[in-house]
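Please treat every number below as a calculation from the coordinates, not as lab data. Quick caveat: nothing in here was measured; it's all calculated off a predicted structure. With ideal geometry, Cβ positions are generated from the backbone for all residues, glycine too; neighbour counts draw on all protein chains shown.
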Amino acid sequence: MILGARLAREFSLAACCFFCATSAFAHGEDQSSLSLRVGGSRVSVEWRIALRDLEHAIGLDANGDGNITWGELRAQHGAIAEYALARLSIRSRGNDCPAGTVGHWVDKYHDGAYAVLRFTANCSGNIEAMDISYSLLFDLDRQHMGVLRLQHRGRTATTVFDVGRTARHFELTGRQITIENIK
């Protein structure tokens, strides 16, 4: 029964993300969203993380007044990127695909403000398969989920990372993108 509930939860979250507009993700408590576009040897990444979660993880509100200003957020851009990138791994052909320079933005949604990290991961050679590991906030919030949407050659796949499923393998060569749990 627990497995059925988990699959239902994952399916409903994945379906929600699939039907969202390409630039907007459904957000909710305890989740972040990753949007990946794979082309050639590059992966373009856009990652939305709730400011309330980043405040809990690394502290953003420097003066403790309960409001995170742009200046406080900008002062922590390096710490945000370091914290987030240490909890995301993109690999292809057994090699890491290192992240390039991280750009920072902020988006507001009905449930709060989100830090938006944009960067490109560069792999060695054309990407035909890739492994993604995700562990953002799992040490602080066991209910956290990472909702991922991957696009490649006009095809889209969605999946959810949670504390019990932190790594996925993606095959990109067939008629559709296939996803397998790694652990």
field: segment 41-109-segment 111-183 distance, computed between alpha-carbon centres (Å)
entry: 16 Å
Candidates per GluC sites (Glu not before Pro) in segment 106-183, loop by DSSP, up to 14 other Cβ within 10 Å: GLU128
